Amino acid sequence: MKKSSKGFTLVELIVVIAIIGILAAILVPALLGYIQDSKLTSANSSAKTIYTAANNYAQKCLTAGYPIAGNTTQSGTVGTATHDSAPAPTATPTAADIQEAINCSMGSDAKDSSYSIHFNAKGFPDGAIWSKSASDPYVGGYPNKADDTGWTLDQAKAS
């Protein structure tokens, strides 16, 4: 009587596991690079949103006759908006007014994220940075986009 065995031999299983290990060793570093690029792209997008919100609010202020003070930097943490859109200025804008304009544009997903904006001599933003937290190494910038970790406001400013 002939006995037939079914299944894989131990050598075949070890070869398959070795091949899977080699493929994993090749793919993991490549995937980590994609993850870093994705985080920087997301941070740059959020920095652009902050920049746009500050620019729109600066335009509202100028139109109302209350321009934002120039050559200043506004830093803060995104909070919960108390209005649907940035309120029209009725006096010289304060840091809280600019903060509210940013809160209205960012939405609840960005709550507790950190930002910094520099306003030029005319009272309009010339650079913004954003990060998920104050200690997050992935800092996005606008108008100059971050391409590495640890981006600063001076690097983000328009040249």
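Quick look at the numbers
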quantity	calculated
Complete set of residues in the stretch 57-96 that are outside any helix (DSSP H, G or I), surrounded by fewer than 16 Cβ atoms within 10 Å (Cβ to Cβ), modelled with pLDDT of 90 or more and polar (S, T, N, Q)	N71, T72, T73, S75, T77
Members of the stretch 1-56 that are assigned to a helix (DSSP H, G or I) and among the hydroxyl-bearing types (S, T, Y)	Y34, S38, T41, S42, S45, S46, T49, Y51, T52
Looking only at the stretch 109-159, and only at residues there that are of a type in the set (A, V, I, L, M, F, W, C) and in a strand (DSSP E or B), the one that is surrounded by the fewest Cβ atoms within 10 Å (Cβ to Cβ)	F119
Test: residue in the stretch 101-121 that is in contact with a Pro (Cβ under 8 Å, 6 or more places away or on another chain) and in contact (Cβ under 8 Å) with a residue 60 or more places away in the chain	yes
Residue that is nearest to A81 (Cα to Cα) [pool: residues in the stretch 110-137 that are in contact with a Ser or Thr (Cβ under 6 Å, 6 or more places away or on another chain) and among the hydroxyl-bearing types (S, T, Y)]	S114
Odd one out for L23 among (1) within 24 Å of the chain's Cα centre (by Cα); (2) of a type outside the set (S, T, Y); (3) more than 17 Å from A158 (Cα to Cα)	(1)
Within the stretch 78-100, tally of residues that are without any contact (Cβ under 8 Å) to a residue 40 or more places away in the chain, of a type outside the set (D, E) and closer than 19 Å to F119 by Cβ	12
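The values are calculated or read from the model by the stated rules, or taken from the named source; none is laboratory data. Small disclaimer: the values here were computed from a predicted structure and weren't measured. Cβ atoms come from the backbone with ideal geometry, glycine included; neighbour counts cover every protein chain shown.
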